[in-house]
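S.K.: Sharing a structure below in C-alpha cells format, with a few things to ask.
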Amino acid sequence: MAPNAITPPLKLSLLLLLAISISTQSQPHQLKETNMTLYFQDVSAGPNATAVPITGIPGHLWTFASFGTVYCTDDPMTESIEQSSAQVARGQGIYVTSALDGSTTHVLISIVFTNAKFNGSTLEIQGASQQFEKMREVAVVGGTGKFRYAKGFATLMTVYLDTTIAYAVIQCNITVQHY
Ligand SMILES: *[C@@H]1O[C@H](CO)[C@@H](O)[C@H](O)[C@H]1NC(C)=O
Ligand SMILES: *[C@@H]1O[C@H](CO)[C@@H](O)[C@H](O)[C@H]1NC(C)=O
Ligand SMILES: *[C@@H]1O[C@H](CO)[C@@H](O)[C@H](O)[C@H]1NC(C)=O
Ligand SMILES: *[C@@H]1O[C@H](CO)[C@@H](O)[C@H](O)[C@H]1NC(C)=O
C-alpha cells in the first residue's frame, strides 16, 4: 500500500465530515439591530461615589488627566437624563487613563441590564475614549444573554456636569447587532 493512500470508505467519511461542517457554517445569520440611549449617572467623589480611583502612579496625583490612574465604577444607567429616572442597567468595570498626555481613557465596562426586557443580559464596552472631546466613541465587543455575539459601537457625550459635587451625566447611544 502506498504511504499516502486513503482507503475508499475513509475517503467517503472524510467527505461527509467536510460536507457537514460546511453546511453548519453556511447557516444564515439572522442579525438583529438594536439602538438604545442610556445615561450614566456618575458621581466621582464623596461618600456616594460610583466611580473611584483605585490606583495610580506612586507620587503622582490620581486624577482623570494623569496617565496610569485606574478607576473602578458602578454607575447607575438610567432611561433619561434625570438622576431619579428609571434604572435600566449598571455600568460596571474599570477605566484607566491610557494616554501619556492624559487625553485618552481606556474603557472596560460591562453594561449589566436590570430592566425587565433585558434583565441579566450584558454588553461589553471597550475602547480608547478621547475623554476631553465632546463626542467619544468606543466599541461594543460582545455580549451575553439577549446580546450574544453582539458587535457594535457606543457614542458618549457629557450632557450634564456639576463639578462642585463631582456629578456628571453621560449620554450613551448604543448601536449593536446581535442574534
Ligand atoms: C440605529 O442607529 C444607526 C445610527 O447609529 C442607524 O444607522 C440605524 O438605522 C439605526 N437602526 C435602527 C434599527 O433603528
Ligand atoms: C448619600 O446617600 C445617602 C443615602 O441615599 C443620602 O442620605 C446622602 O444624602 C447622600 N450623600 C451625598 C453627599 O449625596
Ligand atoms: C432581574 O433578575 C433578578 C435576579 O434574577 C431579579 O431579582 C429581579 O427581580 C429581576 N428584575 C426585573 C426587573 O425583572
Ligand atoms: C444620541 O442620539 C440622539 C438622537 O439621535 C442625538 O440627538 C444625540 O446627539 C446622540 N448622542 C450621542 C452621545 O451620540
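S.K.: What number of residues within segment 93-152 are away from ligand 3 (no atom under 15 Å from the Cβ) and more than 20 Å from Leu31 (Cα to Cα)? Before you say what the answer is, go through the steps one by one.
M.R.: Filtering segment 93-152 down to residues away from ligand 3 (no atom under 15 Å from the Cβ) leaves 93-110, 123-143, 147-152.
This time we only want the ones that are more than 20 Å from Leu31 (Cα to Cα), so: 93-110, 126-138.
Total satisfying the criteria: 31.
S.K.: Wholly within segment 64-179, which strands (runs of 3 or more DSSP E) include no fewer than the required count, namely at least 3 residues that are touching a Ser or Thr at 6+ places or on another chain (Cβ under 8 Å) and farther than 13 Å from Ala51 by Cβ? So that I can check it myself, show each step before the final result.
M.R.: On the way: elements: 70-78, 87-97, 104-113, 122-130, 135-144, 151-162, 167-178.
Result: 87-97, 104-113, 122-130, 135-144, 151-162, 167-178.
S.K.: Ok, one more. Look at Val140 and say whether it is farther than 19 Å from Asp42 by Cα and touching a Leu at 6+ places or on another chain (Cβ under 8 Å).
M.R.: So Val140 passes the test.
Here, each number is a calculation from the coordinates, and none is a lab measurement. Only a predicted model underlies this, so the values are computations on that prediction, with no experimental measurement involved. Every residue, glycine as well, gets a Cβ built from its backbone with ideal geometry; the counts of neighbours run over all protein chains shown.
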